1. Looking only at the range 239-256, which residues are farther than 18 Å from Ala301 by Cβ and in contact with a Leu (Cβ under 7 Å, 6 or more places away or on another chain)?
2. Can you list residue pairs whose Cβ atoms sit under 9 Å apart, with the first residue in the range 85-100 being touching a residue at least 24 places away in the same chain (Cβ under 8 Å) and the second being of a type in the set (D, E, K, R) and surrounded by fewer than 22 Cβ atoms within 10 Å (Cβ to Cβ)? Count only pairs 6 or more apart in sequence or on different chains.
3. Name every residue in the range 60-84 that is within 18 Å of Met112 (Cα to Cα) and among the small types (Gly, Ala, Ser), in order of residue number.
4. Just to be sure before I move on: is Glu198 closer than 20 Å to Gly69 by Cα, out of contact with any helix residue (DSSP H, G or I) (no Cβ under 9 Å at 6 or more places or on another chain) and modelled with pLDDT under 80 in the structure I sent?
5. Looking at the range 97-116, which of its residues are buried (at least 21 other Cβ atoms within 10 Å of the Cβ) and polar (S, T, N, Q)?
6. Give just the number: which of (1) surrounded by fewer than 17 Cβ atoms within 10 Å (Cβ to Cβ); (2) at pLDDT below 90 does Ala292 not satisfy?
Amino acid sequence: MATDEKKWCTPAVVMVAGCMIAIIGMGTRASLGLFLEPMSSSLSWSRETYALAMAIQNLLWGILLPFAGALTDRYGASWVISAGAVFYSLGLWGMSAADSVFMLHVSGGILMGLGSSFVAFNLAIAAMVKVVGPERRLFVMGVGTAATSVGQLIFSPMAQGLISNFGWSDALVYLSFISLLVISFAVLLPSNPEVQGEEATTQSLGEAVREAFSQRGFILLMIGFFACGFHVAFIGIHLPAYVTDLGLAPQVGAYCLALIGLFNIAGSFLSGMVGSRWSKTYGLSWIYFGRALVILGLLLAPKTALTLYVFSALMGLLWLSTIPLTTGVLSDVFGVRVCSHTLRVCFFRAPGW
């Protein structure tokens, strides 16, 4: 069986499958902010009710991701990601039928939090990284991260179109079925790939965590990732509703999310290229500094559609460009196998995601 798998499970196949998983998984998740205003208005809930469900989802995603990664190491990415797609689909379907706060928090919070941790884009990227040599890892990380942005670019206007034409409930049902497509690509991932260019290690998750926390640099990376996660989660959920509060059409919010995804494609590739040639840590510092300037600019600028589009484009360049550099730093220090453990801990310590 292993021999047969090696014949067709080439790096190219793994790359395509991993990118499609990232596109669908992150695309559906990135569109959830578009449902805040219509769902809250329809059910006479406060926006905090919906936001709390998304907070539960993000918190569970961070908490469960290390365990999802450990299961991936043991049983393979195919089974774990497929199971995550099922839970995520059930969560979306449950949200479409939610008629109480409790049901919203169970479906949109718990079920989708569980599903998103098992179908997380970084699990797909980890599978992609393992089948290439050390010299191509940052490039592959950039490709995988860019794929998540392609998902945001595609799904944001598509989800808004579904909401406008069919209503928020039916739109969630459609996204529920679309998310199941992840399974068809998950089965193409290798069951237990050998890491190219690196010797096997028997280090456990606990040992990797203890080693990581013994280093000051890892603590600083986690602090940065906390800020990164807060920015991404807060803007992704609340920007569309903020747009409508300004009196602009809901489509403007969808276009803003799409612009973030579009420009992050370039940002992710540039991040990978910068990390391959220059200091990864300095690159991260400039990204976080750039985010602060962009957010300050939005606060000071007049609130028009053009201003929001410019903000989205600039923020898109810096959106997930932290991931290739952060993963690259961890890979350089701990190695690819242990990096998969330490990166999960970074996400666990970044509840803003």
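1. Matches in the range 239-256: Pro240, Ala241, Ala254.
2. From residues that are touching a residue at least 24 places away in the same chain (Cβ under 8 Å), the pairs are Ser96/Asp170.
3. Across the range 60-84, the qualifying residues are Gly62, Ala68, Gly69, Ser82, Ala83, Gly84.
4. It is false that Glu198 is closer than 20 Å to Gly69 by Cα, out of contact with any helix residue (DSSP H, G or I) (no Cβ under 9 Å at 6 or more places or on another chain) and modelled with pLDDT under 80.
5. Ser107, Ser116
6. Unmet condition: (2).
Per-residue answers, yes or no, for (1) more than 16 Å from the chain's Cα centre (by Cα); (2) modelled with pLDDT under 90; (3) of a type in the set (Gly, Ala, Ser):
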residue	(1), (2), (3)
Val14	yes, yes, no
Ala51	yes, no, yes
Ile63	no, yes, no
Ser96	yes, no, yes
Ser100	yes, no, yes
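The values are calculated or read from the model by the stated rules, or taken from the named source; none is laboratory data. Keep in mind that what you see is a predicted model, and the values were worked out from it rather than measured. Here the Cβ is made from the backbone with ideal geometry for all residues, glycine too, and neighbour counts use every protein chain on show.
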